[in-house]
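Okay, so here's the structure we're looking at.
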Amino acid sequence: MLEQFGFDPAELHVAPRLREAHTAMRSLLDSGQAEMDGTFHRYHGVFTNARAVSDRVPLLLGAMGGPLTFRLAGEIADGVYAACSFSPEALDYLVSNVRRGADQAGRDWRTVELAASLTCAVSDDRESARAAARAKAAFYLPSMPRKLVERHGVSYAEVEPICQAFAGGDVAEALRRRPDELADRFCIAGTPEDIVDRIRSDVLPSGIDHVVLALTDRGLARDWAGLDLPGLPPLEDQVRLIDTRILPELSALLV
């Protein structure tokens with residue numbers, strides 16, 4: 001996506017930039033002030049009179065492909081908020097690199113919050129949920145690094161035509177080129193029971209301790225992909241399904 005806007009990701013030095021940003025944010029949250037003369041960020045006289053109610057506000061680093069951002073989270077942050085890792089291989093890679101960063105910093109990696117954001121849709125109408133999540137997953141493919149795609153058992157050659165269509169602005173063609181079985185690798189969707197089974201088998205064994213279900217609603221499926229899915233509940237009803245039929249099952253696994 002950066003390349004579409006004329007930026008070379010390699011020239012942005014993402015990990016050092018994040019390190020500085022974390023330092024500034026940590027200072028602002030802890031003391032209400034931020035002073036920095038960094039390579040990427042410069043702040044002078046930045047302050048707020050607001051103070052957190054809690055003693056410490058946790059600060060997680062957002063990351064996707066790694067490995068440097070994962071290791072940085074393990075080294076300095078309260079946790080990592082990772083996007084687009086769904087397969088056991090991708091999640092194991094995430095956790096192992098967070099652990100490596102924590103070990104190098106002399107930290108206990110088990111104190112680092114491990115959050116995985118999972119593209120999702122929940123409905124008793126399994127096919128509507130899967131259709132919605134597949135469409136949303138397709139939009140994320142162009143942002144995913146090649147190696148992250150491959151950690152899902154998918155060769156980059158399979159997703160390249162989809163990414164090319166998106167880059168050309170042809171959303172309909174991009175969705176047409178997206179096989180359902182491929183899109184299913186990059187989302188977790190279906191009935192509440194389907195989602196519990198997938199999280200139990202593919203997500204929790206890696207050590208992930210914070211699962212974020214990034215839901216897809218009927219409006220998004222319509223506006224992004226032109227899909228009419230009357231069997232897909234509105235967001236508030238999907239949240240109720242999570243509360244009543246997913247959380248109890250997952251909580252029982254973690255006791």
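The values are calculated or read from the model by the stated rules, or taken from the named source; none is laboratory data. Just so it is clear, the model here is predicted, and its values are computed rather than measured. For neighbour counting, all protein chains shown are included, and Cβ atoms are generated from backbone atoms with ideal geometry for every residue, glycine included.
Among helices (runs of 4 or more DSSP H) lying entirely in segment 152-255, which contain 2 or more residues that are crowded, with 18+ Cβ neighbours inside 10 Å and without any contact (Cβ under 8 Å) to a residue 24 or more places away in the chain?
By residue number, 156-167.
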Could you check segment 201-218 and list, in sequence order, the residues that are farther than 12 Å from ALA135 by Cα and over 18 Å from the mean Cα position of the chain (by Cα)? SER201
Condition test on VAL14, is it at pLDDT below 95, closer than 30 Å to TYR140 by Cα, out of contact with any Gly (no Cβ under 7 Å at 6 or more places or on another chain) and not assigned by TED's automatic domain parsing to the domain that holds GLU160? yes
Name every residue in segment 168-197 that is in contact with a Gly (Cβ under 8 Å, 6 or more places away or on another chain) and basic (Lys, Arg), in order of residue number. ARG185
Of the residues MET64, MET36, only one is surrounded by 14 or more Cβ atoms within 10 Å (Cβ to Cβ), in contact with a strand residue (DSSP E or B) (Cβ under 7 Å, 6 or more places away or on another chain), of a type in the set (A, V, I, L, M, F, W, C) and not assigned by TED's automatic domain parsing to the domain that holds THR111; which? MET36
Got at least one residue in segment 109-122 being over 28 Å from ILE242 (Cα atoms) and in the same structural domain as ARG200 (by TED's automatic domain parsing)? yes
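Could you please let me know if HIS22 is farther than 24 Å from ARG146 by Cα, outside the structural domain of ASP78 (by TED's automatic domain parsing), touching a residue at least 40 places away in the same chain (Cβ under 8 Å) and surrounded by 12 or more Cβ atoms within 10 Å (Cβ to Cβ)?
So HIS22 fits the description; yes.
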Pairs with Cβ under 7 Å, 6+ apart, first in segment 66-82 and touching a residue at least 24 places away in the same chain (Cβ under 8 Å), second of a type in the set (Phe, Trp, Tyr) and surrounded by fewer than 24 Cβ atoms within 10 Å (Cβ to Cβ): GLY66/TYR93; GLY74/TRP109
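Between ALA135, ALA129, which is over 18 Å from the mean Cα position of the chain (by Cα), part of a helix (DSSP H, G or I) and buried (at least 22 other Cβ atoms within 10 Å of the Cβ)? Before you say what the answer is, go through the steps one by one.
Working: ALA135 fails: over 18 Å from the mean Cα position of the chain (by Cα).
None of the others qualify; the one that does is ALA129.
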Within segment 47-61, is even one residue touching a Phe, Trp or Tyr at 6+ places or on another chain (Cβ under 9 Å) and either β-branched (Val, Ile, Thr) or modelled with pLDDT of 95 or more (or both)? yes
When segment 1-15 is checked residue by residue, the ones that are among the aliphatic types (A, V, I, L, M), touching a residue at least 12 places away in the same chain (Cβ under 8 Å) and assigned to a helix (DSSP H, G or I) are VAL14, ALA15
Test set (1) over 15 Å from the mean Cα position of the chain (by Cα); (2) crowded, with 17+ Cβ neighbours inside 10 Å; (3) part of a strand (DSSP E or B) - VAL46 fails condition number: (2)
